[in-house]
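Below is one structure; the comments refer to it alone.
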Amino acid sequence: MSITTSFIAGVFGASDGDRALVHQPFKPTSTGEQLPWADEAEALAWWESVKEMYGVVDETPPESE
């Protein structure tokens with residue numbers, strides 16, 4: 001799995017090759033209000049907190065001996 005992220009014109013995206021995982025044009029809120037992302041860092045922080053729900057897990061490379 002090779003996940004790439006993008007932040008273009010205020011829209012956050014995450015994909016696995018040609019397969020789109022997330023296209024998020026606004027910051028998710030508990031009220032459903034559609035607030036714009038403050039910046040790319042905010043969108044990436046959100047992605048880090050939810051990516052496991054999309055089946056994305058961090059792979060730790062094997063240790064060298």
List the residues, sorted by chain then number, that are 5 or more residues from TRP37 or on another chain and whose placed amide H is less than 5 Å from its amide H.
LYS27
Can you give the FRET efficiency for SER6 and THR29, using 1/(1 + (r/R0)^6), R0 = 35 Å, r = Cβ-Cβ distance, to the nearest 0.05?
0.95
When SER30, SER6, SER15, SER49 are ranked with the fewest other C-beta atoms within 10 Å first, the list becomes SER30, SER49, SER6, SER15
Quick one: 3J(HN,Hα) in Hz for the range 29-37, Karplus 6.51/-1.76/1.60 with θ = phi - 60°, rounded, Gly and Pro as x.
10, 6, 8, x, 4, 9, 8, x, 4
Quick one: what does P(r) look like for the chain with 10 Å bins over all Cα pairs, in whole %?
19, 48, 23, 7, 2, 0
Can you give the FRET efficiency for ASP16 and ASP39, using 1/(1 + (r/R0)^6), R0 = 25 Å, r = Cβ-Cβ distance, to the nearest 0.05?
0.55
Quick check: the angle from helix 40-50's long axis to the longest principal axis of the chain, C-alpha only, nearest 10 degrees?
60 degrees
Mean separation of Cα contacts under 8 Å (at least 6 apart) over the residue count of the range 3-54, i.e. the relative contact order in percent, is 24 percent
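All of the numbers you see were taken from the coordinates with simple rules; none came from a lab. Just so it is clear, the structure is predicted and the values come from calculations on it, not from any experiment. When we count neighbours, we look across all protein chains shown, and the Cβ atoms used for this are built from the backbone with ideal geometry, even at glycine.
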